[in-house]
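Reading through the structure tokens given below for one structure.
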Amino acid sequence: MNFRFDLIWGYMPFFLAGTKLTIILSLSGIVFGTLLGLIICFGKMSKHRAIRIPFLCYIGFFRGTPLYVQILIVNFGVVPVLLHQSNGLLAGIAALSLNEAAYIAEVFRAGIESIDDGQTEAARSLGMTHVQAMRYIILPQAVRHVLPPMGNEFISLIKDSSLVSYIAAPELTYWAVNMGAQYSLVWEPYLTIALIYLILTLTMSYFVHLTERRMATK
């Protein structure tokens, strides 16, 4: 097999631009997904049934349907209704964030429920409100418990961002498909982006591991 390194080098500016957009998509999904996930987590844990049910439905929908289908719905349905035109980048960020929020909500819920109820009761006996107890006592401990599964979610998000290529967002996989179609190649474009995705996920794994070690020493 004659591996065409020259073609890879010629396409490298596109791969670098795609990598940059992949990072933007992933970081946006992580940030917005985490913030929304916390809200959904507290909503699902509410003692009021009327508040809890919509969040249960949200989690059920986004965990029970394929991410690819969600991306299509957001890109061809939701975004055009709101903006009166399609926007692949915005749709990709929105879909990844909405999907990630459902999984992060469950991760946080499990972490919060793993903390002994006696700590909440002790905080309340000291005069703290429920919100104060959650903020200063429960959440700091829960974060340590949820960091490993959260890290796995973030790594999965980097790989899942490749699905955004189907709505013409020019991220990494989009350019690999273009290169393969232009030169009728398989190995060169897909092995190249596989290596780039591997570097991104290993880098994320390193930072998650480093954060775990730092938190363990506190």
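Sorting K159, K47 on the 10 Å Cβ count, fewest up front, what's the list?
So the residues, fewest neighbours to most, are K47, K159.
Angle between the Cα long axis of helix 49-64 and the longest principal axis of the chain, 0 to 90 degrees, nearest 10?
30
Only Cα pairs within less than 10 Å get springs; with that Gaussian network setup on the chain, which residue of E171, E153, E100 has the largest fluctuation?
Ranking E171, E153, E100 by mean-square fluctuation puts E153 first.
Report the Cα centroid-to-centroid distance between region 84-100 and region 124-139 in angstrom, as an integer.
Centre-to-centre distance over Cα atoms comes out at 36 Å.
Test of understanding: ordering F5, F15, F76 by Cβ neighbours within 10 Å, fewest first, what list do you get?
By the 10 Å Cβ count, ascending, the order reads F5, F76, F15.
Under 18 Å from the Cα of K159, which aspartates and glutamates turn up, not counting those fewer than eight places away in the same chain?
E100, E171
Values in this text are rule-based calculations from the coordinates and carry no lab data. Being a predicted model, the structure only gives us computed values, none of them experimental. Please note: Cβ atoms are built from the backbone with ideal geometry, for glycine as well, and neighbour counts cover all protein chains shown.
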